[in-house]
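The values are calculated or read from the model by the stated rules, or taken from the named source; none is laboratory data. Remember, it's a predicted structure, so these values are computed and weren't measured experimentally. Cβ: placed from backbone, ideal geometry, glycine included. Neighbour counts: every protein chain shown.
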Amino acid sequence: MEEAILKPRHSLSHVLAQAVQRALDPLAKLGIGPAIDTGFYYDFIFSEWVECKEEQLKEINKMMVKIVKETQNFDRIDLTYTQAKEIITMLGEEFKIDLINEFKAEGETVFSYYVNTIPLAAKDSLLKGSQEWYFTKYQKINEYLNANKAFKKALEGRFVTFIDMCEWPHVEGTKEINPDAFKLDKIAWAYWRGNEKNPMMTRIYGLAFEDKNALKAYIEMMEEARKRDHRLIGKQLKLFTISPLVGAGFPMLQPNGMTIRKEIEDYLRELHKDKWYQRVWTPHLCKHDLYITSWHINKYGDNLFKVKGRDEEFFLKPMNCPHHMQIFSDNQFSYRDMPVRYFEPATVYRDEKTGELWGLLRVRAITQDDGHLFCRASQIEEEVSTIVDIIKKFFWTMGMIDNYRVSLSVRGEDRSKYLWSDDVWEKAEWGLEKAAIANNLPFKKILWEAAFYWPKLDFMFKDCLWREWQLSTIQCDFNLPERFDLSFMNEKGEKERPVVIHRAISWSLERFMGVMIEHFAGAFPVWLAPQQIKLVPVAEKFTDYAKQVEKEMKEKWIRASVDSGEDSFSKKIRNAEIEKIPYILIVGEKEETTKTLSIREYRSKKQYEIGITEFVDKCLDEIKTRSL
């Protein structure tokens, strides 16, 4: 995030906290308030007699605008631990005591605070209408600060309206904040420090952008995103079902949804056809021992589903990697066999928290287009280039190749935190970087983002609303080959440890389907559409001709159907439009006589007449080329 927008966004989180205390609850306990990609938020615990609702955001926003127009200053002061604790106690901020105690344990001796101030002479007029307890509380804070010579001079002639422990950059004063470029957005809930054992806090989100037009554009985009919500469209188009009897996080695909998934799966297989991948299959259950060896029990223990057998305890597999290690280990490979490439579009299971589940985008049953390549360090660049080629083709087909970006996650400066030698890491990192350069990837190297046992390339693609999704990953792994003692025979007749490259093109089929539903707003291109053609007879007597055309299309594997129901002609047209079917074919006396079709295209809204053979050829070409 650029500092030019970071400063006002973070400063607005302080303005929000002050506005809440002045307009709603002066005794609200404060959590944290950072800047985020679209604005800012602040966490609160409100007094028992105060209920914060969405409809109150307008009033809080009004107070924020007032504060901004008061041209308050932002000034930094440094406090000792004792001073910080005394101020926090006066404010009743028990959560802030947690923070300073943690910082003190880490060796911090000076704590930076930012104070908002207004001219002392204007105090009564500017703070008129504020909650009484707010005024009383900050009167004591001002008395405390003015009793200290170091602060008295800095705050001379000023009245402190808000104080918060913070090290982030801020604007010098609220005059630098455009009151038309921010707006409170929504209320959510979050545990203090992200720990479900801690108290639940109310989180108020705000939007903040460079100017009024940028804010308006974002709000319009979010409104469009709400219309495209894959959960709403999924229900409307009968794509998937989430049943409370089956359980949260376990969506079931209806025939329409399964058609989309099958098309995506088939395309992924087609892209791998000439890349020498070998299809494998692994079971859904495994013993506890597998994840002890792989170390996943340490990392994913809380997210593993346990299954009790007659005499043994099993896990539902959370990933395919350890299983693929077992398949490799059961063979005797030489350097001539390398690389070995396994591919398995398998469902894995993770016990995600109920509150984090979200339609198809966050589920507990995850079907990954999973691939693992076993190679030599010298082969990393070539293998990564092959994977990159698949990724590019896949997302070009989906219309998401414009303005994507790639993160190259590498080690930080402290090399002691990472498994394996510098030599091996340098080969892996340089192999990924060379592949990124050779393939003209728009990448940026990110320090400290690598896991302790592998560097990786993460691909972020933007949908039609320019929302960013991480959808592909390529990771070099030295950990699992070591843990499972994998080897092949090199030219010298000696055992050599392979490198494993993990890669996923679409991340997971469920998540990718959710993204695609929203990307296309349910109006899928012909090749991906569950129903490609709907034939609508203008009257019942033309149904036979419509079915004749349907039969001809189905023989060509085009997904066509005739609406022969009891609805009126206009209602049938409307139904086909609601279903977002790419082509609506109207069949009447003229069409039957001339052996033609009257076409209505859903997406372009074009209408025209065309011969049957010509139209079939047109559809087949769109399907074959996967045209958008």
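From 180, 124, 164, 185, which residue is in the same structural domain as residue 21 (by TED's automatic domain parsing), out of contact with any Cys (no Cβ under 8 Å at 6 or more places or on another chain), part of a helix (DSSP H, G or I) and not aliphatic (A, V, I, L, M)?
124
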* Mind listing whichever residues of the stretch 33-70 are more than 16 Å from residue 208 (Cβ to Cβ), without any contact (Cβ under 8 Å) to a residue 60 or more places away in the chain and among the acidic types (Asp, Glu)? => 48, 51, 55, 59
* Structure fact -> Considering the stretch 54-83, residues that are surrounded by fewer than 16 Cβ atoms within 10 Å (Cβ to Cβ) and acidic (Asp, Glu), and then whichever is farthest from residue 101 (Cα to Cα), we arrive at 55
* Asked: In the set 460, 513, which member is in the same structural domain as residue 256 (by TED's automatic domain parsing), buried (at least 18 other Cβ atoms within 10 Å of the Cβ) and touching a strand residue (DSSP E or B) at 6+ places or on another chain (Cβ under 9 Å)?
  -> 513
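Somewhere in the stretch 33-46, is a residue within 22 Å of residue 113 (Cα to Cα), buried (at least 20 other Cβ atoms within 10 Å of the Cβ) and β-branched (Val, Ile, Thr)? Steps first, please.
Pass one, the stretch 33-46, residues within 22 Å of residue 113 (Cα to Cα): 33-36, 39-45.
Keeping just the survivors that are buried (at least 20 other Cβ atoms within 10 Å of the Cβ) gives 33, 35, 39-44.
Cutting the leftovers down to β-branched (Val, Ile, Thr) gives us none.
No, the stretch 33-46 has no match at all.
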* Top-ranked residue in the stretch 241-273 [being of a type in the set (A, V, I, L, M, F, W, C) and within 16 Å of residue 345 (Cβ to Cβ); ranked as surrounded by the most Cβ atoms within 10 Å (Cβ to Cβ)] -> 260
* Asked: Looking at the stretch 305-358, what strands (runs of 3 or more DSSP E) fall wholly within it and have at least 1 residues that are touching a residue at least 40 places away in the same chain (Cβ under 8 Å) and either among the β-branched types (Val, Ile, Thr) or crowded, with 19+ Cβ neighbours inside 10 Å (or both)?
  -> 340-349
* **Long-range neighbours under 8 Å by Cβ, at least six apart or interchain, first residue on the phi < 0 side of the Ramachandran plot within the stretch 510-534, second crowded, with 23+ Cβ neighbours inside 10 Å and among the hydroxyl-bearing types (Ser, Thr, Tyr)** => 512/506; 526/583; 532/583; 533/583; 534/583
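For residues that are under 18 Å from residue 478 (Cα atoms) and either assigned to a helix (DSSP H, G or I) or in contact with a Cys (Cβ under 8 Å, 6 or more places away or on another chain) (or both), tally how many sit in the stretch 282-296.
Let us first name the residues in the stretch 282-296 that are under 18 Å from residue 478 (Cα atoms), namely 290-296.
When the remaining residues are screened for being either assigned to a helix (DSSP H, G or I) or in contact with a Cys (Cβ under 8 Å, 6 or more places away or on another chain) (or both), the result is 290-294, 296.
Residues that pass the stated criteria total 6.
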* For residue 202: the one exception among (1) touching an Asp or Glu at 6+ places or on another chain (Cβ under 8 Å); (2) in a helix (DSSP H, G or I) -> (2)
* Of the residues in the stretch 127-161, how many are charged (D, E, K, R), in a loop (DSSP other than H, G, I, E, B) and within 44 Å of the chain's Cα centre (by Cα)? -> 1
* Of the residues 333, 394, 305, which is outside the structural domain of residue 272 (by TED's automatic domain parsing) and of a type in the set (Phe, Trp, Tyr)? -> 305
* Top-ranked residue of the stretch 203-245 - restricted to ones that are in the same structural domain as residue 177 (by TED's automatic domain parsing) and among the β-branched types (Val, Ile, Thr), ranked as farthest from residue 575 (Cα to Cα) -> 204
* Evaluation of residue 567 against (1) in a loop (DSSP other than H, G, I, E, B); (2) closer than 23 Å to residue 606 by Cβ; (3) not small (Gly, Ala, Ser) (one fails), failing number -> (2)
* So which pairs qualify, if the first residue must be in the stretch 145-157 and closer than 15 Å to residue 118 by Cα, the second must be part of a helix (DSSP H, G or I) and of a type in the set (Gly, Ala, Ser), the Cβ gap must be under 8 Å, and the two must be at least 6 apart or on different chains? -> 157/121
* Structure fact -> Note on the stretch 7-33: residues of a type in the set (S, T, N, Q) and farther than 10 Å from residue 162 by Cβ are 11, 13
* Asked: Looking at the stretch 581-603, is at least one residue within 30 Å of residue 509 (Cα to Cα), of a type in the set (S, T, N, Q) and buried (at least 17 other Cβ atoms within 10 Å of the Cβ)?
  -> no
* To do: Under 7 Å between Cβ atoms, at least 6 apart or on separate chains: pull out the pairs that start in the stretch 102-116 with a residue that is in the same structural domain as residue 73 (by TED's automatic domain parsing) and more than 13 Å from residue 79 (Cα to Cα) and end on any residue that is modelled with pLDDT of 90 or more and outside any strand (DSSP E or B).
  => 116/14; 116/18; 116/72
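Report yes if some residue within the stretch 521-542 is acidic (Asp, Glu) and outside the structural domain of residue 384 (by TED's automatic domain parsing); otherwise report no. I'd like the intermediate steps shown before the answer.
Let us first name the residues in the stretch 521-542 that are acidic (Asp, Glu), namely 540.
Applying the additional criterion that residues be outside the structural domain of residue 384 (by TED's automatic domain parsing) yields 540.
Yes, the stretch 521-542 contains a residue that is acidic (Asp, Glu) and outside the structural domain of residue 384 (by TED's automatic domain parsing).
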* For the stretch 222-281, what are the residues that are among the aromatic types (Phe, Trp, Tyr) and part of a helix (DSSP H, G or I)? -> 267
* Structure fact -> For the stretch 362-381, the count of residues that are surrounded by fewer than 19 Cβ atoms within 10 Å (Cβ to Cβ) and part of a loop (DSSP other than H, G, I, E, B) equals 1
* Asked: Across the stretch 86-109, what is the total count of residues that are surrounded by fewer than 13 Cβ atoms within 10 Å (Cβ to Cβ) and among the small types (Gly, Ala, Ser)?
  -> 2
* Structure fact -> The lone condition residue 160 fails out of (1) without any contact (Cβ under 8 Å) to a residue 60 or more places away in the chain; (2) surrounded by fewer than 20 Cβ atoms within 10 Å (Cβ to Cβ); (3) hydrophobic (A, V, I, L, M, F, W, C); (4) touching a helix residue (DSSP H, G or I) at 6+ places or on another chain (Cβ under 6 Å) is (2)
